[in-house]
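No value in this document is a laboratory result; all are computed from the given coordinates. In this text the structure is predicted, and so the values were computed from the model without any measurement. Don't worry about glycine lacking a Cβ; one is built from the backbone with ideal geometry, like all the others, and counts go over all protein chains shown.
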Amino acid sequence: MKIIVLIVYLLFLGFSLWLKWLNITYLKEQGQQVPPEFGKAIDSDTLRKATSYTVENSRLAVMTTIFNNILVVVVLFGGIIEIYDVWIASLSQSFVLAGVLFVLGLLYGEIIFSIPFSLYKNFSIENRYGFNTLTGKLWLTDLIKSTVVSTLLLSIIVAAALFLVQYTPQWWWLWVWLVFLLFSIFLMYISPYLIEPLFFKFEPVQTEGLEEEIRALMKKAGLKVSSVFQVDASRRSRHANAYFSGIGRVKRIVLFDTLLETMSRGEILAVLAHEVGHWKKKHVLKRIIFTEVVALGALFVAYKLLNWPGLPGVIGLKGGSFYVRLAILGFLGSLIMFPFTPALSLLSRKHEWQADSYACELSGKPLDLADALIKLSRENLANLHPHPLYAAFYYSHPPVVQRISKLQDQAASG
């Protein structure tokens, strides 16, 4: 069984790496041609820069993938997880505390191993292409803050879940699912007030009259927002973005200061109209429902399989604690979900097309959204020539050239 599982895992990994290589090769071949949808918005020098930027990031992604998967193979199939399990058991006899320590140890290992890649990306690639504005001190501060927040939140949810496993052995899968659901909703409420301000400075939009225009757009769409903020994203990067955060009455709009610097009002409103489209088409709700249904099913399957004597043998172990068995199930779950990646990507792209259409209906100005996408692509050095197979498998958004082409056609047809 171990050999079969390892072969399947390596085949999936090989296919994923082949797709990344295919995407890089395709970009090198096609990356010198400016798409007609971009007209004079991007010159050949900018396109070459965008191609080089994408290739460097893709190569880093390949190296990161290879390194991470070597770790997975060594830890799971090399017996390291068994040694780790024994060590955790020596630290505490408490089922709950030992489980928290087990999970936190894996979290800290992941953070430590990701540090070299994060440093190289931010202070080499992002620096070289003019995006990075992070200082070493701010990078370290962000790392410490994110680690502390992750430790606190993960400790709470893992401790609660293991408590339920221990005290409701027949129904823990249902109670754990309910706790996870309530905790995720709770985070949506508190994140805008307690977590996001740890990393960004929020202040009212400084552009005169823009907030009123945004609120008028939201009113036209039948949505209410509690606040409209801009954040000092330029302290970390020159990449531009905007997003909705929170839920219910605490839902609010957040604009990066970099976005405000590069886009016109009409383009900003078009970007927000697209995000409104996701809410009006209930994409957020549908994704939450889908995720929770899958989570409930996964927990029930885990409940059934955790006592299966043959589970540790899947990775060549003779036995293992409850935590090791959960880790094995998580690994197997990732294998099962991999073939579904293109279907999930397709569904996500369908939602993006619908949000684009709604934005055009709401604003009546398809060219504003098209121009916004052109600017975002140019300023962020986006890949304008993804390989069709790679895009079909991994892209959560339609390729930007296709989106712009459709928007320009809509504008031309009135």
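Summary table
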read-out: Extent along principal axes [Cα atoms of the stretch 140-220; Å; largest to smallest]; value: 59, 39, 12
read-out: Distance (nanometres) between label positions extended 7 Å along Cα→Cβ at residue 305 and residue 206; value: 5.3
read-out: Rounded FRET efficiency, nearest 0.05, which uses the C-beta distance separating residue 149 from residue 21 and R0 of 30 Å; value: 0.25
read-out: Pair residue 183, residue 156: separation of 7 Å Cα→Cβ label points (nm); value: 0.9
read-out: 356, 142, 409 arranged by Cβ crowding within 10 Å, fewest neighbours leading; value: 409, 142, 356
read-out: Inter-centroid distance (Cα atoms) of the stretch 37-63 relative to the stretch 296-360, Å; value: 33
read-out: MRE, 222 nm, helices only [DSSP H, n ≥ 4, -39500 (n - 2.57), over the chain, to nearest 500]; value: -23000 deg cm²/dmol
read-out: Distance (nanometres) between label positions extended 7 Å along Cα→Cβ at residue 194 and residue 285; value: 2.7
read-out: Percentage relative contact order, the chain, counting C-alpha pairs under 8 Å, at least six apart; value: 22
read-out: Principal axis dimensions, largest first and in whole angstrom, of the stretch 200-262 by Cα; value: 33, 24, 16
read-out: Restricting the stretch 236-320 to trypsin sites (Lys or Arg not before Pro) in coil, as DSSP defines it, with at most 10 other Cβ within 10 Å; value: 318
read-out: For the chain, built as a Gaussian network whose Cα springs stay under 10 Å, the top-fluctuating residue of 260, 347, 269; value: 347
read-out: FRET efficiency estimate (nearest 0.05) - Cβ-Cβ, residue 65 to residue 107, R0 22 angstrom; value: 0.65
read-out: Least to most buried among 172, 18 (fewest other Cβ within 10 Å first); value: 18, 172
read-out: In Hz, Karplus ³J(HN,Hα) per residue of the stretch 331-344 (6.51, -1.76, 1.60; θ = phi - 60°; x = Gly, Pro); value: 5, 5, x, 5, 5, 5, 6, 4, x, 8, 3, x, 5, 5
read-out: Using θ = phi - 60° and Karplus 6.51 cos²θ - 1.76 cosθ + 1.60, couplings along the stretch 220-226 (whole Hz; Gly, Pro as x); value: 4, 7, x, 10, 10, 10, 6
read-out: Spatial separation of Cα centroids for the stretch 98-149 and the stretch 385-414, in angstrom; value: 33
read-out: In degrees, nearest ten, helix 95-120 long axis to first principal axis of the chain (Cα); value: 40
read-out: Rounded to whole Hz, the Karplus (6.51, -1.76, 1.60) HN-Hα couplings of the stretch 286-298, x for glycine and proline; value: 5, 5, 5, 4, 4, 4, 6, 5, 5, 4, 5, x, 5
read-out: Net dipole in debye of the stretch 198-266 [+1 Lys, Arg Cβ; -1 Asp, Glu Cβ; about Cα centre; nearest 20]; value: 380
read-out: Residue 48/residue 344 FRET efficiency (R0 22 Å; Cβ-Cβ; nearest 0.05); value: 0.10
read-out: Dipole of the stretch 200-262, positive direction: furthest Cα of 262, 245, 200, with charges on the beta-carbon; value: 245
read-out: Where trypsin sites (Lys or Arg not before Pro) fall in DSSP loop in the stretch 6-97, at most 10 other Cβ within 10 Å; value: 40
read-out: Rounded to the nearest 20 debye, dipole of the stretch 155-281 from Cβ charges on Lys, Arg, Asp, Glu; value: 380
read-out: Contour minus Cα-Cα distance for residue 219 and residue 235 (0.36 nm per residue); value: 2.6 nm
read-out: Net charge dipole size for the chain [Lys, Arg +1 and Asp, Glu -1 on Cβ; Debye, nearest 20]; value: 560
read-out: Relative exposure of 395, 167, judged by other C-beta atoms within 10 Å (fewest first); value: 167, 395
